[in-house]
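The values are calculated or read from the model by the stated rules, or taken from the named source; none is laboratory data. What you see is a predicted model, and the numbers here were worked out from it, not measured in a lab. For neighbour counting, all protein chains shown are included, and Cβ atoms are generated from backbone atoms with ideal geometry for every residue, glycine included.
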Amino acid sequence: MKYKSVFDIIGPIMIGPSSSHTAGAARIGRVARSLFGRQPKWANISFYGSFAKTYKGHGTDVAIVGGLLDFDTFDERIKTSLQIADSLGVAISFHEEDAVTDHPNTAKVVIGDEKGELELVGISIGGGKIEITELNGFALKLSGNHPALLVVHDDRYGAIAGVANVLAKFAINIGHMEVSRKEKGKTALMTIEVDQNIDDAVIQELTALPNITQVTKIVD
C-alpha cells in the first residue's frame with residue numbers, strides 16, 4: 001500500500017485512541033450515513049475479528065455511531081454518540097461475530113427507517129483509511145477518500161458508456177471505476193471515484209440516461 005504523505009502514515013485528526021479502531025470506524029459509519037441520505041431510525045452493527053474483540057475498549061462502538069450521526073473523525077461529540085443517538089430516538093444494537101473475514105477490522109452496518117434500509121460492509125485498513133467492500137449485496141471497492149458516484153443500473157449494453165460520456169462532458173476525471181453485478185443481465189452497480197466534487201446538474205443528467213435506476217454521490 002502506498003502513502004501520499006507523512007500525514008497518511010500518522011493518520012487523520014481524530015478522537016482517539018486508535019486510527020484503525022476509532023477514526024476508521026467513524027468513517028465507515030459516515031459513508032453509510034452519506035449513502036443512506038438521512039439520519040436512520042435504527043442501526044444493527046456487527047463487528048468481526050479485532051473489532052469484535054476490542055471495540056468497547058478502543059471506542060469503535062462510539063466512533064461508528066458518531067459516523068452514522070454524521071460526525072467527522074475529530075468531532076468531540078463522538079465521545080457521547082451513544083447517548084446522543086438515544087436522545088434522537090435512534091435504536092442501536094451491537095453484535096460480536098465469530099465468522100472469519102478477509103480483514104480483521106471489519107464491520108457490517110445495517111441501517112434503516114420506515115422508508116427503507118441499507119446494508120454496508122467496511123474495513124479499516126490503518127491510518128484512518130477505509131474500504132467499503134459490499135453494499136446491499138454488491139461487491140465493490142470504495143475508499144471513501146474521494147468524491148464518488150454509485151450508479152445502480154440495468155446490466156445492458158451502453159449503460160457504462162453513457163455514464164462515461166456525461167462525466168466527460170462535465171470534464172470530470174475518473175480516478176477509479178468498477179462494475180459489480182449479482183447476475184448477468186439483471187441489476188448492476190457502477191462505483192466511480194472522481195477527482196472533484198459533483199454538481200447536481202451532473203446527477204440529473206446521469207439519472208435521465210436509459211437503464212439508470214439510481215445515482216448517489218458521496219462528497220469528499
Do we have Phe51 as surrounded by fewer than 17 Cβ atoms within 10 Å (Cβ to Cβ), in contact with a Pro (Cβ under 8 Å, 6 or more places away or on another chain) and in the same structural domain as Val110 (by TED's automatic domain parsing) here? no
Could you identify the single residue in Ala148, Ala99 that is out of contact with any helix residue (DSSP H, G or I) (no Cβ under 6 Å at 6 or more places or on another chain), of a type in the set (A, V, I, L, M) and within 30 Å of Gly185 (Cβ to Cβ)? Ala148
Selection over region 100-109 where residues are surrounded by fewer than 19 Cβ atoms within 10 Å (Cβ to Cβ) and among the aliphatic types (A, V, I, L, M) yields a count of 1
Somewhere in region 145-156, is a residue surrounded by 14 or more Cβ atoms within 10 Å (Cβ to Cβ), in a helix (DSSP H, G or I) and either in contact with a His (Cβ under 7 Å, 6 or more places away or on another chain) or not assigned by TED's automatic domain parsing to the domain that holds Thr73 (or both)? no
Only one of (1) at pLDDT below 95; (2) surrounded by 15 or more Cβ atoms within 10 Å (Cβ to Cβ) is not met by Asp200, so which one is it? (2)
In region 73-96, residues that are surrounded by 14 or more Cβ atoms within 10 Å (Cβ to Cβ) and aromatic (Phe, Trp, Tyr) total 1
Of residues in region 56-72 being under 21 Å from Leu118 (Cβ atoms) and surrounded by fewer than 24 Cβ atoms within 10 Å (Cβ to Cβ), the one modelled with the lowest pLDDT: Asp72
Expected output for region 98-117 (first residue over 14 Å from Val65 (Cα atoms), partner of a type in the set (D, E, K, R) and in a loop (DSSP other than H, G, I, E, B), Cβ below 6 Å, 6+ apart or cross-chain) is Asp113/Lys41
Of residues in region 124-144 being free of Cβ contacts under 8 Å to residues at least 60 places away in the same chain and farther than 13 Å from Leu189 by Cα, the one surrounded by the fewest Cβ atoms within 10 Å (Cβ to Cβ): Ser143
Pairs, please: C-beta under 7 Å, at least 6 apart or cross-chain, first residue surrounded by 20 or more Cβ atoms within 10 Å (Cβ to Cβ) and in region 35-47, second in a helix (DSSP H, G or I)? Pro40/Leu68; Ala43/Leu68; Ile45/Ile64; Phe47/Thr60
Are any residues in region 172-201 without any contact (Cβ under 8 Å) to a residue 40 or more places away in the chain and either in contact with a Cys (Cβ under 8 Å, 6 or more places away or on another chain) or outside any strand (DSSP E or B) (or both), and if so, which ones? Ile172, Asn173, Glu183, Lys184, Gly185, Lys186, Asp199, Asp200, Ala201
When both residues are 6+ apart or on different chains and their Cβ atoms are under 7 Å apart, which pairs have a first residue that lies in region 61-81 and is in the same structural domain as Val121 (by TED's automatic domain parsing), and a second that is of a type in the set (Val, Ile, Thr) and surrounded by fewer than 20 Cβ atoms within 10 Å (Cβ to Cβ)? Val65/Ile92; Leu69/Ile84; Thr73/Ile13; Phe74/Ile13; Arg77/Ile84
